[in-house]
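J.: One structure coming up, written as structure tokens, with questions to follow.
The values are calculated or read from the model by the stated rules, or taken from the named source; none is laboratory data. Since the model is a prediction, treat every value here as computed from it, not as a measurement. As a convention, Cβ positions derive from the backbone with ideal geometry for all residues, glycine included, and neighbour counts pool all protein chains shown.
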Amino acid sequence: MKIQAAVTHEKGAPFQIESVELAEPKLGEVRVRIVAAGVCHTDAVARDLGLSPFPVVLGHEGSGVVDAVGEGVTGFAKGDHVVLSFAHCGKCETCLTGHPTVCLRFNELNFDGHHEDQSTRLSQNGKEVSTFFGQSSFGTYAIAHARNVVKVDPEVDLSLLGPLGCGIQTGAGTVLNHFRPGFGHAIVIFGCGAVGLSAVMAAKIAGCAHIIAVDIHDHRLELARELGATRVLNSKTDDVVEVIREVTDGGAHYAVETTGVPDVVRQSLHALRPLGKSAIVGVTGEVTFDVHPDLMAEGKTLVGVIEGDAVPRVFIPQLVEYYKAGKFPFDKLVKFYNFDQINQAFEDSANGATVKPILRLEASA
């Protein structure tokens, strides 16, 4: 079938909405009519660094309505409201022990441009177009394996839910699934984008006594305070580590580092108390630190956490329930854009004007 999709033809090129061909769903796959798709920093990295072969249709925070199911699919029917999340094999040791975010085939299935059977579902003028994150949701329709698809409450605005599939899941899951802080613990979140603010909301749900948000934009810090931060720090003017140690009587139990900035990564370690744990959740380059004083001497842990260590079919419906209960108001992060405003949405995300852009591919479900 012919669909409209935002095609990226080469590294760093702007998105172009063009006609592409989408094949029928195969064994175990679901076709989804995309209602909306979140704009995530990972899409920008893929566009600018070439994480997947070009040409490619990016997008990995899709929400929509099931349009067709392939052979062997159970549990989904035409008309179901769904969110699309990351691809995973479902068969390896990490998948089978509840950690699909570190599936042994994660990089292949999400970034190599093909589906699990090594073929693609997208083409243009007879040439293959790469799939991204097992979905390519910057298009009016997408095909994903049923494992990637999460059924959601049809009473909740479907256009809002796509970011639960990646960015919001990452921030909230790092706190609720990986750290699982005890009541009264202290946590510091570095960076108040969508991932960091989701961590703030999750820390409030968990009952953390100190929720400290760090950023360089005052308007984002004010939003962090509104969402549950007990203290906000502007790293341009505040002595971040010193204040955190003072406020928490020795340092935070946990840190979530979302910025990928080397100096901030080091700060996330220095802000911890002995036995504290810092999670790196963003794309981060080379960082230099002194292992003995920064890490080993106080028994600290530096760990990478992908997609919030979530099982999407379990965690995403939980986040929806928290939202419905008024405990996870992630709609306050969102600004909607029409599909043809995709390049503006990415620009606004990059310059900080919008915390979480969402592209509307349809006016409603």
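J.: Being under 23 Å from Pro317 (Cβ atoms) and hydroxyl-bearing (Ser, Thr, Tyr) is the filter; apply it to segment 52-84 and report the residue that is modelled with the lowest pLDDT.
T.: So, considering only residues that are under 23 Å from Pro317 (Cβ atoms) and hydroxyl-bearing (Ser, Thr, Tyr), the one modelled with the lowest pLDDT is Thr74.
J.: Which residues, counting only those in segment 85-99, are assigned to a loop (DSSP other than H, G, I, E, B) and not hydrophobic (A, V, I, L, M, F, W, C)? Lay out the reasoning, then the answer.
T.: Step one: list which residues in segment 85-99 are assigned to a loop (DSSP other than H, G, I, E, B), which gives 85-92, 97-99.
Residues satisfying the conditions are Ser85, His88, Gly90, Lys91, Thr97, Gly98, His99.
Rundown of residues vs (1) surrounded by fewer than 19 Cβ atoms within 10 Å (Cβ to Cβ); (2) under 23 Å from Val311 (Cβ atoms), yes/no style:
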site: Asn107; (1), (2): yes, yes
site: Ser119; (1), (2): yes, no
site: Asn125; (1), (2): yes, no
site: Leu158; (1), (2): no, yes
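J.: If you check Phe183 against the conditions, is it out of contact with any Leu (no Cβ under 7 Å at 6 or more places or on another chain), under 13 Å from Val281 (Cα atoms) and in contact (Cβ under 8 Å) with a residue 24 or more places away in the chain?
T.: no
J.: Looking at segment 86-105, can you tell me whether even one residue there is touching a strand residue (DSSP E or B) at 6+ places or on another chain (Cβ under 6 Å) and among the β-branched types (Val, Ile, Thr)? So that I can check it myself, show each step before the final result.
T.: Pass one, segment 86-105, residues touching a strand residue (DSSP E or B) at 6+ places or on another chain (Cβ under 6 Å): none.
No, every residue in segment 86-105 fails to be touching a strand residue (DSSP E or B) at 6+ places or on another chain (Cβ under 6 Å) and among the β-branched types (Val, Ile, Thr).
J.: Of the residues Val283, Val314, which single one is under 15 Å from the mean Cα position of the chain (by Cα), within 27 Å of Ile34 (Cβ to Cβ) and surrounded by fewer than 20 Cβ atoms within 10 Å (Cβ to Cβ)? Spell out the reasoning first.
T.: Numbers: Val314 fails: under 15 Å from the mean Cα position of the chain (by Cα).
None of the other options fit; the residue is Val283.
J.: Let me ask you something else. Can you name the residue in segment 72-89 that is touching a Lys or Arg at 6+ places or on another chain (Cβ under 6 Å) and within 26 Å of Pro154 (Cα to Cα) and is also surrounded by the fewest Cβ atoms within 10 Å (Cβ to Cβ) among such residues?
T.: Within segment 72-89, the first condition is being touching a Lys or Arg at 6+ places or on another chain (Cβ under 6 Å), and the residues that meet it are 80, 82, 89.
Checking which are within 26 Å of Pro154 (Cα to Cα) leaves us with 80, 82.
Working: Asp80: 18, Val82: 27.
Among them, the one singled out is Asp80.
J.: Quick test of your reading of the structure: Ile143 fulfils all but one of (1) in a loop (DSSP other than H, G, I, E, B); (2) in contact with a Gly (Cβ under 9 Å, 6 or more places away or on another chain); (3) not aromatic (Phe, Trp, Tyr). Name the failing condition by number.
T.: The failed condition is (1).
J.: Please count how many residues of segment 285-343 are assigned to a loop (DSSP other than H, G, I, E, B) and of a type in the set (Asp, Glu). Break it down into steps so the answer makes sense when it comes.
T.: Residues of segment 285-343 assigned to a loop (DSSP other than H, G, I, E, B): 285-290, 295, 299-300, 305-306, 310-311, 325-329.
With the extra rule that they be of a type in the set (Asp, Glu), the set shrinks to 286, 290.
Here the count works out to 2.
J.: Only one of Arg105, Arg147 is assigned by TED's automatic domain parsing to the domain that holds His88, in contact (Cβ under 8 Å) with a residue 60 or more places away in the chain and charged (D, E, K, R); which? Show your work before the answer.
T.: Values: Arg105 fails: in contact (Cβ under 8 Å) with a residue 60 or more places away in the chain.
Result of the check over Arg105, Arg147: Arg147.
J.: Please return the ranges of strands (runs of 3 or more DSSP E) entirely within segment 165-272 where 1 or more residues are surrounded by 22 or more Cβ atoms within 10 Å (Cβ to Cβ) and in contact with a Cys (Cβ under 6 Å, 6 or more places away or on another chain).
T.: Working: elements: 186-190, 210-215, 231-234, 252-257.
By residue number, 186-190, 210-215.
J.: Please name all residue pairs, on different chains or six or more residues apart, with Cβ atoms under 6 Å, provided the first residue is in segment 241-265 and is within 19 Å of Val200 (Cβ to Cβ) and the second residue is modelled with pLDDT of 95 or more and basic (Lys, Arg).
T.: Final answer for the pair search is Val247/Arg231; Gly251/Arg245; Gly251/Arg273; Tyr254/Lys277.
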